[in-house]
Amino acid sequence: MKDLAGMWHLFACVFLFNLSGSIVIPAITDVTMEALCPGKDECSLAIYLSGFQQAVTGLGTLIVTPLIGNLSDKHGRKALLTLPMTIAIIPLAILAYDRSRVFFYAYFAVKMFTGIFCEGSMQCLSLAYTADTVSERSRASAFGVLSGVSMAGFVSGTITSRFLTSSSTFQLSTIVAIVGALYMRVFLAETNRRGTSINGSSQPLCASCPSNANASSPPKLSPLRNAPSLNDMIYLLKSSSTMSRAAVIVFFNGLGETGIQASLLYYLKALFHFNKDQFADLLLIVGIAGAISQLILMPMLAPLGEEKLLNVGLLAGCANIFLYSVAWSSWVPYLASSFVVLSVFTHPCIRSIVSKKVGSDEQGMAQGCITGIASVASILSPFVFTPLTVLFLSDNPPFNFKGFSIMCSGFSTLAAFTLSIMMRDITEPILYHKHIDTIHAQV
């Protein structure tokens, strides 16, 4: 708790940001269907547009998030946090004004653009801020609490949505987003970007990256002309076996997660005719389970080690997705959502593992690179899972299994779990000087 003393304003900002975004989640499926396919429970156009938006946003996030993370290492976390928290207001305001087809398409285009700067950057910058503020020993628990606060915002938004009409849902979401941006600018303090190490293992791993090859001191990336190149990011990921293995696991887990996120609500609407209130109930279970787990359970289990908790989270994620795919009754999705209690361990653990392998001046870039890897998965996911979802929810599927695309995304998560087991000792200490000498020789 002492380590978290300087993070309460960040927690408030993250809570408000997630509250604003989650208020509209239960309603957006019905709004989309009403705008594109009025009176229908199945709409291939809506599924394809969601997949296209996810792919474009993922591609932009892949490029933008490492850049924003690296700029925050130079110019400060608070300065860069202003960007995602401010532009997130715009698409919400569009649907708060009108939800007709024309305004929906305007929302779709603006959301696709703003998502590039919001979806990965907010998480990346929040994690980097936490790494600046909290000692290395407490970092896994702190990341868990941060995720728990995000889940608490998600739960609060879902509960709020349950009692609002669609129009008031977007209006309230816009107001909360504005309050969050103002709160951040007024109350959040800048960090000194000097994360505390307990054993000296958090060394700068990118000191010999191409853009810093001639530097005699830890990298001081000057403004945009020295922004990180693709080679810099590759060197960072190759600088230790831990970083490389974490990237592989993040990719396959991200492929599975984005696969189910893009199609689950449309799948449930087609299979069980779920509406806004039932979506809210389901998301409420997910949010409450995740918040309790990350705020209470994960700090208690943190001494077991990130690697063990990571494997538990990946295995629970597999069970969660597979159970969704074979749902035979409307109560089964609610049961499947309970596995979130354990599956939420995945992201804080992998982020903590990565955070401990880089220096204090590279937290933003490292977290941005990992977010970028997840974005690659979100780019590829729609090309694989969107056509499958449309095909198996259509009137003429190859065989009668509406959850086939969901199960395929589960196999991707299972691959991440299998790789995590095979790549044991993911948190093994790295021979820092050996890696630096090797990189020097390559340069």
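The values are calculated or read from the model by the stated rules, or taken from the named source; none is laboratory data. Owing to the predicted nature of the structure, the values given are computational and were not obtained by experimental measurement. FYI the Cβ positions are ideal-geometry reconstructions off the backbone, even for glycines, and counts take in every protein chain you see. Heavy atoms of the whole protein, side chains included, go into the accessibility calculation; ligands, DNA and RNA do not. Shrake-Rupley method; radii C 1.70, N 1.55, O 1.52, S 1.80 Å.
With respect to PHE272, determine if the residue is modelled with pLDDT of 80 or more, closer than 19 Å to PRO382 by Cα, surrounded by fewer than 22 Cβ atoms within 10 Å (Cβ to Cβ) and not acidic (Asp, Glu). No: the conditions fail for PHE272. Screening region 73-99 for residues that are closer than 18 Å to SER173 by Cβ and among the small types (Gly, Ala, Ser) and picking the one that is surrounded by the most Cβ atoms within 10 Å (Cβ to Cβ) gives ALA88. The helices (runs of 4 or more DSSP H) found wholly in region 76-160 and carrying at least 3 residues that are aromatic (Phe, Trp, Tyr) occupy 101-118. Answer yes if at least one residue in region 302-316 is assigned to a helix (DSSP H, G or I) and under 30 Å from MET33 (Cα atoms), and no otherwise. Looking for residues that are assigned to a helix (DSSP H, G or I) and under 30 Å from MET33 (Cα atoms), one finds none in region 302-316, hence no. The criterion of being part of a helix (DSSP H, G or I) and open to solvent by 20 Å² or more (accessible area, probe 1.4 Å) does not hold for ILE47. Would you check which residues across region 138-186 are open to solvent by 40 Å² or more (accessible area, probe 1.4 Å), touching a helix residue (DSSP H, G or I) at 6+ places or on another chain (Cβ under 7 Å), within 20 Å of ILE87 (Cβ to Cβ) and not polar (S, T, N, Q) and list them? Within region 138-186, LEU172, ILE178, VAL179, TYR183, ARG185 meet the criteria. Does any residue in region 41-57 that is under 14 Å from ALA270 (Cβ atoms) come within less than 9 Å, Cβ to Cβ, of a residue that is assigned to a loop (DSSP other than H, G, I, E, B) and open to solvent by 50 Å² or more (accessible area, probe 1.4 Å) six or more places away or on a different chain, and which pairs are these? From residues that are under 14 Å from ALA270 (Cβ atoms), the pairs are ASP41/HIS273; GLU42/ASP395. Taken over region 230-250, the criterion of being within 19 Å of the chain's Cα centre (by Cα), surrounded by 20 or more Cβ atoms within 10 Å (Cβ to Cβ) and either among the polar types (S, T, N, Q) or at pLDDT 80 or above (or both) is satisfied by ARG245, ALA246, ALA247, ILE249, VAL250. Would you check if there is a residue in region 400-410 being more than 29 Å from GLY60 (Cβ to Cβ), exposed (fewer than 15 other Cβ atoms within 10 Å of the Cβ), of a type in the set (A, V, I, L, M, F, W, C) and at pLDDT 80 or above? Yes, because at least one residue in region 400-410 is more than 29 Å from GLY60 (Cβ to Cβ), exposed (fewer than 15 other Cβ atoms within 10 Å of the Cβ), of a type in the set (A, V, I, L, M, F, W, C) and at pLDDT 80 or above. What do you reckon, is SER325 open to solvent by less than 30 Å² (accessible area, probe 1.4 Å), touching a Lys or Arg at 6+ places or on another chain (Cβ under 7 Å), of a type outside the set (Phe, Trp, Tyr) and in contact (Cβ under 8 Å) with a residue 60 or more places away in the chain? In short, no. Every listed requirement among (1) more than 25 Å from SER135 (Cα to Cα); (2) modelled with pLDDT of 65 or more is met by ASN226 save one, (2). Scan region 21-64 for residues that are among the aromatic types (Phe, Trp, Tyr) and in contact with a Ser or Thr (Cβ under 7 Å, 6 or more places away or on another chain) and the total you get is 1.
Of the residues PHE143, PHE108, PHE113, the single one that is under 22 Å from GLY69 (Cβ atoms) and in contact with a Leu (Cβ under 7 Å, 6 or more places away or on another chain) is PHE143.
Within region 51-72, restricting attention to residues that are hydroxyl-bearing (Ser, Thr, Tyr) and under 17 Å from the mean Cα position of the chain (by Cα), the residue that is surrounded by the fewest Cβ atoms within 10 Å (Cβ to Cβ) is THR57.
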